[in-house]
Amino acid sequence: MLDINYIREHPEEVKRGAAKKHFEAPVDELLDVDRRRREAQRRVEDLRAEKNRRSKEIPGLAAEERQAAVTAMRQVDKDLKELEPELTRLEKEFDSLMLQIPNVPAPDVPEGADDRDNVELRRWGEPRKFDFEPLDHVALGEKLDIIDFARGSKVGGSRSYYLKNEGALLETAILRWAMDHLVKKGFVPMDVPMLVKPEAMFGGGFLPGGEDSVYTVDTGQDLIGTAEVSLVAYHAGEILDEAELPKHYAGFSACFRREAGAAGKDTRGLYRVHQFYKIEQVVICRNDDEESRRQHDLLLGNSEELVQALGLPYRVVYVCGGDLGRPQVRKHDLETWMPSRKNYGETHSCSTIHEFQARRSMIRYRDKDGKVRYCHTLNNTALASPRILIPVLENYQQADGSVAIPETLRPYMGGQDVIRPKGAKE
């Protein structure tokens, strides 16, 4: 969430930021409730101070003075009983309104309503031109016996699948390869909790507002949709030392998303599924926009390195205001070429959050001058599977129906260089 002092001092900027994101933000209502809350708080504090003062004075008063003091004390108690519930109500209303105020996007974030207005910044690689009719990943997966959608649907319902044979091995290979790449760059590998308390979802900014995407179990815990949730919560409630920062984490987890808000969208294949795996990058750094920009570029660069090493054409887009979520200050998507879509499809997202998550999660640090400040947080997809398997299978398919394994993954596949239809000759 934002700092209330910032909202008080820059209400018009907060309103413009919300409008750029196409969010309804009750800034004026919040400031009115905030004013009344502070007035009630001051009055309650004054009454409590008066009550304490009179409590100490009464035993030393003469009898005739004591009766008047007791009467005054009763009036103070009465006033407190009326004011304290009102203060509690105002505090709850204030907290609710604060959660509705989105983070302010960076000034250079493009204007726009949705992902169609995202601005392309650069491309890498050229989409492959096939000299045969290429298959999509669904047909390839079934032909190679590495994906089974029919039995996945039978067992898990819509958007469910089985990866099998080389499909299962390819997924584990690509995830381990990505993790190794990040570890070599100094990231701390983390296998994180996938079932978390609501506080972790709240701290990450996923609740309230994201209920349509979250699976909640009967214990009241939630299944994460990204390791970002658990990695941000890792330092919740802590005060770090500035010398410890930045912290770089690479989190591995299964991810679960209901996709209730995407009914009827991308229902075919592996693009939008309920369960998947991801290596997520999370950074916790100093409260400094330039530092956040450096870390943002580092995270995005890591993703580009991975996709380039796989030899997959991609483009980077700057996400427009209307396509930003509530927490993001800026966001870049990396979209990889998918022949079956005849277009680029999102495979990575890189986000700068500033204090938004740290305030919710109470992640702070003590700077070199001894001042306690809120950290900045950032996150970025290193690789998510099975979505990344779509461009791998489709771009590396061959005329005989086989799929070449990207060279960088072959050591993780026991040296195997191609996936052939079962029964096909070498």
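The table below lists the values:
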read-out	value
Matching option when the condition is open to solvent by 40 Å² or more (accessible area, probe 1.4 Å) and within 28 Å of residue 10 (Cβ to Cβ), among 57, 82, 65, 39	39
Any chance residue 144 is touching an Asp or Glu at 6+ places or on another chain (Cβ under 6 Å) and either open to solvent by 50 Å² or more (accessible area, probe 1.4 Å) or at pLDDT 95 or above (or both)	no
Members of segment 212-252 found to be closer than 21 Å to residue 179 by Cα and among the β-branched types (Val, Ile, Thr), listed by number	224, 226, 229, 232
3 or more residues aliphatic (A, V, I, L, M) and farther than 30 Å from residue 333 by Cβ: qualifying helices (runs of 4 or more DSSP H) within segment 1-120	27-57, 63-98
Pairs with Cβ under 6 Å, 6+ apart, first in segment 308-327 and of a type outside the set (A, V, I, L, M), second assigned to a helix (DSSP H, G or I)	314/307; 320/117; 321/20; 321/21; 323/115; 327/356
Considering residues of segment 154-166 that are in a helix (DSSP H, G or I) and of a type in the set (D, E, K, R) only, the residue farthest from residue 422 (Cα to Cα)	154
Residues that are touching a residue at least 60 places away in the same chain (Cβ under 8 Å) and either open to solvent by less than 30 Å² (accessible area, probe 1.4 Å) or of a type in the set (D, E, K, R) (or both), drawn from segment 147-156	147
Selection within segment 329-342 - in contact with a Gly (Cβ under 9 Å, 6 or more places away or on another chain) and open to solvent by 10 Å² or more (accessible area, probe 1.4 Å)	331, 335, 337, 340
Residues within segment 167-195 that are in a helix (DSSP H, G or I), open to solvent by less than 30 Å² (accessible area, probe 1.4 Å) and not aromatic (Phe, Trp, Tyr), tallied	9
Every pair of residues 6+ apart whose Cβ atoms lie under 7 Å, when the first sits in segment 48-70 and is within 24 Å of residue 81 (Cβ to Cβ) while the second is in a loop (DSSP other than H, G, I, E, B)	69/61
Subset of segment 388-408 [assigned to a loop (DSSP other than H, G, I, E, B), over 18 Å from residue 177 (Cα atoms) and among the aliphatic types (A, V, I, L, M)]	399
Residues of segment 42-51 satisfying the condition of being open to solvent by 90 Å² or more (accessible area, probe 1.4 Å) and not basic (Lys, Arg)	45, 46
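The values are calculated or read from the model by the stated rules, or taken from the named source; none is laboratory data. Since we're looking at a predicted model, the values are computed, not measured. Because the Cβ atoms are built from the backbone with ideal geometry, glycine has one as well, and the counts that use them run over all protein chains shown. For accessibility, only protein heavy atoms count, side chains too; no ligands or nucleic acids. Shrake-Rupley method; radii C 1.70, N 1.55, O 1.52, S 1.80 Å.
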